[in-house]
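Here's the structure, in structure tokens; my notes come after.
The values are calculated or read from the model by the stated rules, or taken from the named source; none is laboratory data. What you see is a predicted model, and the numbers here were worked out from it, not measured in a lab. Using ideal geometry, Cβ is built from the backbone for each residue, glycine included, and neighbour counts are taken over all protein chains shown. Please note that ligands, DNA and RNA were not included when accessible areas were found on the heavy atoms of the full protein model with its side chains. Shrake-Rupley method; radii C 1.70, N 1.55, O 1.52, S 1.80 Å.
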Amino acid sequence: MIDTKYRTAYAETCELYDRLAPQMGGKDYGYEILYGPEVVTPSLFILGYQPGCTEKDKTMSEEKKRPITPPSDLAYAKEVWPLARALRSIWPADRMTDMMGGNINFFRAATVNEWTTIPLSVRRELQAHSLRTIQKLVEAYAPRRILVIGLDTLKRIPGHIIDKGHVSSIDPSRHNPIAQEATLWGMPALAVTHLSGARLKAGDRQNIYNYARAWSGI
């Protein structure tokens with residue numbers, strides 16, 4: 001049952017975090033597995049790389065660092081983060097009621113550089129657990145489509161297949177696609193340049209929004 005899978009995922013992640021947090025050199029900021037409630041066959045699963053960490057997050061209680069169930073509302077539909085606001089520019093909050101979200105790395109990091117200061121063996125174990133677990137969850141929920149935040153995120157996932165559909169940048173000096181269709185875990189996927197990136201031109205951003213909306217059918 002799906003319920004059993006998510007309970008197992010949360011319990012195993014808590015156990016792993018409790019074991020490895022003392023080895024994280026003070027960078028043990030907790031984790032986030034799912035970004036909203038369970039949905040059977042969601043219209044879209046939004047798959048990111050890693051949850052961020054603000055100064056406020058760093059002072060969370062130990063209990064809040066270890067969530068035991070998914071949140072009751074989809075974070076992307078209500079939060080003020082740049083990524084959440086960007087996603088609501090594609091789909092209004094009232095169209096996101098049957099979406100889910102998560103990351104391929106559950107463990108919070110303030111910056112990429114700070115994350116790399118954690119011992120490599122610890123990082124590898126945390127990352128491998130996250131990727132293995134999120135794949136099991138996504139396969140169990142069986143979304144109709146997967147939106148991958150970050151082309152590099154897609155590259156980090158073994159077994160993905162690049163498909164023909166893509167979006168090219170309006171900048172002729174930018175040779176790589178800014179959005180790329182793929183097949184991930186047997187499901188249709190669209191990987192997009194990180195939508196909160198400051199270097200994304202307004203025209204490129206709008207082209208991604210339009211393509212993602214048409215691709216999703218939502």
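Structure above, values below:
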read-out: Bridge type composition, the chain - antiparallel percent by DSSP, nearest 5; value: 50 percent
read-out: Dipole of the chain [Lys/Arg +1, Asp/Glu -1 at C-beta], most positive-end residue of Ala179, Pro143, Thr111; value: Ala179
read-out: Sulfur and carbon atoms: percent of accessible area, segment 60-200 [1.4 Å]; value: 52 percent
read-out: Two-site FRET efficiency, Ala11 against Val80, from Cβ-Cβ distance with R₀ of 30 Å, rounded to 0.05; value: 0.45
read-out: Tail beyond 16 Å, pair distance distribution of segment 141-186 (Cα, percent); value: 43 percent
read-out: Per residue accessible area in Å² of the chain, where ligands, DNA and RNA are left out and the probe is 1.4 Å; value: 50 Å²
read-out: In Hz, Karplus ³J(HN,Hα) per residue of segment 95-108 (6.51, -1.76, 1.60; θ = phi - 60°; x = Gly, Pro); value: 9, 9, 5, 10, 9, 10, x, x, 10, 7, 10, 6, 8, 5
read-out: Alpha-carbon centroid distance for the pair segment 163-218 / segment 25-46, whole angstrom; value: 22 Å
read-out: Amide H within-cut-off set for His166, under 5 Å, with H built and near neighbours excluded; value: Glu181
read-out: Cα-Cα separations in segment 1-81 greater than 17 Å, expressed as whole percent; value: 54 percent
read-out: Relative contact order [Cα under 8 Å, 6+ residues apart], segment 1-147, whole percent; value: 40 percent
read-out: Long-range lysine pairs (8 or more apart or interchain), the chain, Cα under 20 Å; value: 11
read-out: Share of alpha-carbon pairs per 10 Å distance bin for the chain, given as whole %; value: 8, 34, 37, 18, 3
